[in-house]
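Encoded as C-alpha cells, the structure appears first; notes follow it.
The values are calculated or read from the model by the stated rules, or taken from the named source; none is laboratory data. In this text, all values refer to a predicted model and were calculated from it rather than measured experimentally. Note that each Cβ is placed from the backbone with ideal geometry, even for glycine, and that neighbours are counted across all protein chains shown. Accessible surface is based on the protein model in full, side chains and every heavy atom, while ligands, DNA and RNA are left aside. Shrake-Rupley method; radii C 1.70, N 1.55, O 1.52, S 1.80 Å.
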Amino acid sequence: MDISVIVPLFNEEESLPKLYEWIARVMQEHGFSYEVLFVNDGSTDRSWQVIEELHAADAEHVKGIKFRHNYGKSAALYCGFDAAQGDVVITMDADLQDSPDEIPELYRMITEEDYDVVSGWKKKRYDNKLTKNLPSKLFNATARRVSGLKLHDMNCGLKAYKSVVVKNIEVFGEMHRYIPFLAKNAGFTHIGEKVVQHRKREFGVSKFGLNRFVNGYLDLMTLWFLNKFGKQPMHFFGLIGSLSFLIGACVVLGLAIHKIWALSTGVRAMLIANSPWFHIAILAMVLGCMLFLAGFLGELIIRNSPERNNYLIEKEIH
C-alpha cells in the first residue's frame, strides 16, 4: 500500500464527509493505493456514526478507531501509527484546515528525495494574530533552539513519514507537537519542511486553547532532558548533587577553620551553629545527597527496564 492517511478527530461530524471525498479524489487522480484511518478521540457528537457510514460506502479504504474517552491527539496518533499499513504515513487534522492537495508532493518528497519526515509549514495563516500567531512564533523559535531542527511550524498537523519512522517512535502525553524531535532522537535525521496551504475552518470551533503553549514548553523541556540524560540520569542528578554537597562541605569547613583560628588567637567569634551560612551549607549538603540518591535510583530503574537496550538497527551484514 502506498499511503496511509491518519486523521485524529474530536467532534468533527460536519467536516468528515467532505474531507474524505477530497482525500479520495486526490488519491484516485494520482493512482495511489491508500487507506484513510479515522481515529475518533472520544467524540460526543455523531462523528463515529459518520465514520461508520463512510466505511459502509467504501470499506476498502475507510478504517476507524474509536476511543471510549477523550485521551488527546498524541494517543490518537499513537494508535493510528500502530495500525497504519502504508509505505508513507500522512497525518492531517479533520477540520479542513489542512489541504489533501498537498498529499502527492509530500509523498514525492518521502519516496524520491528520501526524507524520513516532512513537516508542513503554514506560512500564511488565517488564525487570530494575537492569540495564536504570535504565541506560535515564539513557541516555534524556542523549539528550534532546543531541538536543533530548523522547522518553522513544528506543531503543524500535516506531516508525512516513512513507515519505519512511525513504527519506531512512541508518541505519549502531549508529545505530538514534537514528533520531528522524537524522530531525530531515534536516529531519523533527514527531516524536511514544505510550505502548505492553511485554510479557514469551515465547521465547529478550535479544540485547543492558549494553555497548549504553556504545556508545550514544559513538554519541550521534558523531551530535551530525556534526550540528554534519559539513559544516564546519574550524569545530571549525580553531578549537581555532588557539586551541591561539595559547596556545602566547603562552607562548613571554612566556618570551622575560622572558629579554630578565632579560638587560637583569642578573638571572640559566634558559634558556628548560629551562623546563617552554616544552615545554608547544611541545606546544600542535604539537597546534594538527595539529588545524588535520585540519580542512583534512576540508574537502578533504567538497568531493570526492558527497553534499556532498545536500539534501532538500520542495516546488518551476516
Worksheet entry | Cα-Cα P(r), the chain, percent of pairs per 20 Å interval | 27, 44, 18, 9, 2
Item to complete: Give, rounded to the nearest 20 debye, the magnitude of the charge dipole that the chain has about its Cα centre when Lys and Arg contribute +1 at Cβ and Asp and Glu contribute -1 at Cβ.
Response: 2000
Worksheet item: Picking from A281, M27, I301, whose Cα lies most toward the positive end of the charge dipole for the chain (charges on Cβ: Lys, Arg +1; Asp, Glu -1)?
Response: A281
Worksheet, complete the sentence: Hydrodynamic radius by Kirkwood for the range 1-140, inverse mean 1/r across distinct Cα pairs, in Å, is 15.9
Fill in: CD proxy at 222 nm, helix term only [per DSSP H run n ≥ 4: -39500 (n - 2.57); per residue of the chain; nearest 500]
-15000 deg cm²/dmol
Fill in: Mean projected area in nm² (Cα convex hull; one quarter of hull surface) for the range 229-270
3.0
Worksheet item: Among I103, I240, T44, which residue has its Cα positioned farthest towards the positive end of the charge dipole of the chain, with +1 placed on the Cβ of Lys and Arg, -1 on the Cβ of Asp and Glu, and the dipole taken about the Cα centre?
Response: I240
Worksheet entry | HN-Hα J in Hz across the range 256-271 - Karplus 6.51, -1.76, 1.60, θ = phi - 60°, x for Gly and Pro | 5, 4, 4, 5, 4, 4, 5, 5, 6, 9, x, 7, 7, 9, 5, 4
Worksheet item: Hey, what's the range 73-116 come to in accessible area per residue, 1.4 Å probe, Å²?
Response: 33
Item to complete: Could you tell me the largest-minus-smallest coordinate of the C-alpha atoms of the range 229-304 on each of the three principal axes, in descending order and whole angstroms?
Response: 58, 16, 15
Worksheet item: In what order, largest first, do S33, S119 sit by accessible area if the probe radius is 1.4 Å?
Response: S33, S119
Fill in: Crossing angle, helix 134-147 versus the chain [Cα axis fit, 0-90 degrees, rounded to tens]
70
Practice prompt. Relative to the longest principal axis of the C-alpha atoms of the chain, give the angle of the C-alpha long axis of helix 73-83, reported between 0 and 90° and rounded to the nearest 10°.
Written response: 60
Fill in: Dimensionless Rg ratio for the range 1-66, taking C-alpha atoms and the 2.2 N^0.38 Å reference
1.05
Discussion item. Treating only the Cα positions of the range 29-102 as identical point scatterers, give the base-10 log of I(q)/I(0) from the Debye formula at each q in 0.13, 0.19, 0.25, 0.26 Å⁻¹.
Written reply: -0.40, -0.89, -1.45, -1.51
Worksheet entry | Mean projected area (nm²) of the alpha-carbon convex hull when the range 146-295 is viewed from all directions | 14.4
Worksheet item: So which of K167/K200; K122/K162; K137/K200 end up more than 28 Å apart, counting from Cα to Cα?
Response: K167/K200
Practice prompt. Only Lys, Arg, Asp and Glu count, each charged at its Cβ (+1, +1, -1, -1), so figure out the dipole size of the range 1-151 about its Cα centre, rounded to 20 debye.
Written response: 1140
